[in-house]
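Trainee: Structure provided below as structure tokens; questions to follow.
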Amino acid sequence: MKAVVVDIEGTTSPTSSVRADLYGYTRARLPEWLADNASGAAASVIAGTRELAGRPDADPAEVAEILREWLKSDVKAEPLKTAQGIICAAGFRAGALHGEFFPDVAPALTTWHEAGLRLYVYSSGSVRNQRDWFEFARGGALSPLISGYFDLSSAGPKREAASYAEIASVIGVEPADILFLSDHPDELDAAVEAGWSAVGIHRPGEPNPPRPPHRWVETFAEIRP
Ligand SMILES: CSCCC(=O)C(=O)COP(=O)(O)O
């Protein structure tokens, strides 16, 4: 392998930390942020939400309610993830938010990085949110280990093979030399369809059940890329 690409929620990090911390922080601040930034940073979020929700005349208050519903049902929509990334950026810098990682993740990423592998992140969270998650990791920044980040805007949907082909092309690594780690079987299927290797991560207590034909492990310590 020449590169390893990791998913975040359920793979590097507990689902509970993403949903309680990031979603909770965002949910509390959405109405005020949308109202205060309607003609600036929030304009594209409002436009994108109106379009996806089929509510062309929704005002910022209604958009906030739509986005809060999407948070509740974990809809991984671009406008929501953009807003989440911008809103949470302040929380990371104020010390209210930290990237939370399973204990085996930092040692494995460090070992792989030192061995010359290039490490990337591919998550439904926006690149901005991903960068902060790794930069403000509890226990010390992991961002120096990461060569790049991909999200729904830059790569595309996580369950489509074309997204993995796009990442391979951008990082300039042959698909056969890339290993993808995720807790989601549909994502593993899509990566394999694009010619990547893939290993499923099923951590105790995490929601997504393993599914054949992939190899599944419980920690990064079991992987030798
Ligand atoms: C720390 S980046 C934000 C994580 C997030 O919002 C999310 O939806 C994670 O989805 P993933 O694709 O990593 O399962």
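Trainee: Expected output is a single nm value to one decimal: the length gained when fully extending between Arg19 and Arg215, i.e. 0.36 nm times separation in residues minus the C-alpha distance. What is it? Show your work: numbers first, answer last.
Mentor: Numbers: separation 196, 0.36 × 196 = 70.56 nm, distance 2.68 nm.
Length difference between fully extended and current span is 67.9 nm.
Trainee: Based solely on its DSSP helices, what 222 nm [θ] is calculated for the chain when runs of n ≥ 4 H residues each add -39,500 (n - 2.57) and the sum is averaged over all residues, nearest 500 deg cm²/dmol? Walk me through the numbers before you get to the answer.
Mentor: On the way: 8 runs with 92 residues, N = 225.
After summing the helix terms and dividing by the residues of the chain, the value is -12500 deg cm²/dmol.
Trainee: Same structure, new question: Over the chain, what is the relative contact order in whole percent, taking alpha-carbon pairs under 8 Å and six or more residues apart?
Mentor: Values: 370 pairs, mean separation 54.8, N = 225.
Once divided by the residue count of the chain, the mean separation gives 24 percent.
Trainee: Shifting gears a bit: Going by accessible area, probe 1.4 Å, with all protein chains left in place, what is the ranking of Asp57, Asp21, largest first? Write out the running numbers ahead of the final one.
Mentor: On the way: Asp57 140, Asp21 55 Å².
Result of the area sort, largest leading: Asp57, Asp21.
Trainee: Then there is this: Using only alpha-carbon positions, what ratio does the radius of gyration of the chain give when scaled by 2.2 N^0.38 Å?
Mentor: Numbers: Rg = 17.5 Å, N = 225, 2.2 N^0.38 = 17.2 Å.
Rounded to two decimals, the normalised Rg is 1.02.
Trainee: Grab the other residues whose beta carbon is less than 14 angstrom from that of Pro56, score K and R as +1, D and E as -1, and report the net. Walk me through the numbers on the way to the answer.
Mentor: Working: positive: Arg50, Arg55; negative: Glu51, Asp57, Asp59, Glu62.
Residues close to Pro56 contribute a combined charge of -2.
Trainee: What does the charge count near Lys158 come to, summing +1 for each Lys or Arg and -1 for each Asp or Glu among other residues with Cβ under 10 Å from its Cβ?
Mentor: On the way: positive: Lys76, Arg159; negative: Asp7, Asp151, Glu160, Asp186, Glu187.
Around Lys158, the charge tally is -3.
Trainee: Please report the net charge: other residues with Cβ closer than 13 Å to the Cβ of Lys2, K and R +1, D and E -1. Mind dumping the intermediate values first?
Mentor: Working: positive: Arg118; negative: Glu174, Asp177.
Net charge in that neighbourhood comes out at -1.
Trainee: Can you grab the distance from the C-alpha centre of the stretch 98-170 to the C-alpha centre of the stretch 31-97, Å, no decimals?
Mentor: 23 Å
Trainee: Taking only protein heavy atoms into account and a 1.4 Å probe, give the accessible area per residue of the chain in Å². Provide the component values of the computation, followed by the final result.
Mentor: Working: 9940 Å² over 225 residues.
Roughly 44 Å² per residue, with all protein chains present.
Trainee: Next question. So, with a 1.4 angstrom probe, what is the percent of accessible area on the chain that is carbon and sulfur?
Mentor: Using a 1.4 Å probe with all protein chains present, the chain comes out at 51 percent carbon and sulfur.
The values are calculated or read from the model by the stated rules, or taken from the named source; none is laboratory data. Computed from a predicted structure; not experimentally measured. FYI the Cβ positions are ideal-geometry reconstructions off the backbone, even for glycines, and counts take in every protein chain you see. With ligands, DNA and RNA removed, areas are computed over all heavy atoms of the protein, side chains included. Shrake-Rupley method; radii C 1.70, N 1.55, O 1.52, S 1.80 Å.
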